[in-house]
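Engineer: I'd like to ask you about the structure that follows.
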Amino acid sequence: MGFFSKDIKTLDDLFIHTLRDIYYAEKQIEKSLPKMIDKATDPQLKAGFEKHLTQTKGHIERVEQVFELHGVKAKTVNCPAIDGILEEADEVSGDVEDKEVLDAALIASAQAVEHYEITRYGTLIAWAKQLGRSDCANVLAKNLKEEEATDRKLTEIAESKVNLQAAE
Ligand SMILES: [Fe+2]
Ligand SMILES: [Fe+2]
């Protein structure tokens, strides 16, 4: 089903479609994070990725909870956007030899992922509220908060040391 498929008629259809999109994205992120943990050298970065893997498993569960609250089956739809971001992350990190430059590359890729999630959750929360589903919005807001905190943490790790070390 394409994004502009005629199967999407109402805002409610669009909400469900986008929920399935983020469900797919979270599952792909869950698969990709162990590779990023392996590649990271800086201990704080490695630990941050590990923490976010645990959080990501929680995000998947919360999205499942929203499907249930909304009374629709939890299923995924392909999301070429997140596939592209993750594919590029893999490609770039494969091309970096210096470990400290690699950490900088991993942070950049991870922040692209976080920003994707942030935009999706922001939209879903706005639509959930519009549809009178503040219960769904509240659950989604918990995921958004963790994505935003992760994004801020990555900026801090980059600016406080990883970028400096990479530039040496
Ligand atoms: Fe997430
Ligand atoms: Fe995330």
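Engineer: Out of all the residues in the range 146-158, is one or more among the aliphatic types (A, V, I, L, M), under 18 Å from the mean Cα position of the chain (by Cα) and crowded, with 18+ Cβ neighbours inside 10 Å?
Structural biologist: So in the range 146-158, the residues among the aliphatic types (A, V, I, L, M) come out as 149, 154, 157-158.
Keeping just the survivors that are under 18 Å from the mean Cα position of the chain (by Cα) gives 149, 154.
So of that shortlist, the ones also crowded, with 18+ Cβ neighbours inside 10 Å come out as 154.
There is at least one residue in the range 146-158 that is among the aliphatic types (A, V, I, L, M), under 18 Å from the mean Cα position of the chain (by Cα) and crowded, with 18+ Cβ neighbours inside 10 Å.
Engineer: Among the residues of the range 50-62, how many are closer than 13 Å to A25 by Cα and near ligand 1 (Cβ under 9 Å from one of its atoms)?
Structural biologist: Residues meeting the conditions: 3.
Engineer: Hey, another quick one. Going through the range 114-129 one residue at a time, which ones are open to solvent by less than 10 Å² (accessible area, probe 1.4 Å) and under 15 Å from K153 (Cα atoms)?
Structural biologist: Pass one, the range 114-129, residues open to solvent by less than 10 Å² (accessible area, probe 1.4 Å): 114, 117, 121, 124, 128.
Scanning the range 114-129 gives a single hit, E114.
Engineer: Any residue in the range 12-23 that is farther than 18 Å from S134 by Cα sitting within a Cβ distance under 7 Å of a residue that is of a type outside the set (A, V, I, L, M) and open to solvent by 40 Å² or more (accessible area, probe 1.4 Å)? List the pairs, counting only those 6 or more apart or interchain.
Structural biologist: R20/K75; R20/T76; D21/R120; I22/R120; Y23/T76
A quick yes/no check of all residues on (1) within 16 Å of ligand 2 (Cβ to nearest atom); (2) closer than 23 Å to Q55 by Cα; (3) assigned to a helix (DSSP H, G or I):
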{"site": "K75", "(1), (2), (3)": "no, yes, no"}
{"site": "I82", "(1), (2), (3)": "yes, yes, yes"}
{"site": "V92", "(1), (2), (3)": "no, no, yes"}
{"site": "E97", "(1), (2), (3)": "no, no, no"}
{"site": "V101", "(1), (2), (3)": "no, no, yes"}
{"site": "Q111", "(1), (2), (3)": "yes, yes, yes"}
{"site": "W127", "(1), (2), (3)": "no, no, yes"}
{"site": "T155", "(1), (2), (3)": "yes, yes, yes"}
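Engineer: Go through L45, L102, L14, L69 for me and flag whichever is more than 16 Å from ligand 1 (Cβ to nearest atom), modelled with pLDDT of 95 or more and open to solvent by 60 Å² or more (accessible area, probe 1.4 Å).
Structural biologist: Values: L45 fails: open to solvent by 60 Å² or more (accessible area, probe 1.4 Å); L102 fails: open to solvent by 60 Å² or more (accessible area, probe 1.4 Å); L14 fails: open to solvent by 60 Å² or more (accessible area, probe 1.4 Å).
Criteria check complete, one pass: L69.
The values are calculated or read from the model by the stated rules, or taken from the named source; none is laboratory data. Worth saying up front: this structure is predicted, and the values here are computed from it rather than measured. Using ideal geometry, Cβ is built from the backbone for each residue, glycine included, and neighbour counts are taken over all protein chains shown. For the accessible areas, the whole protein counts, side chains as well, though only heavy atoms, and no ligand, DNA or RNA atoms are used. Shrake-Rupley method; radii C 1.70, N 1.55, O 1.52, S 1.80 Å.
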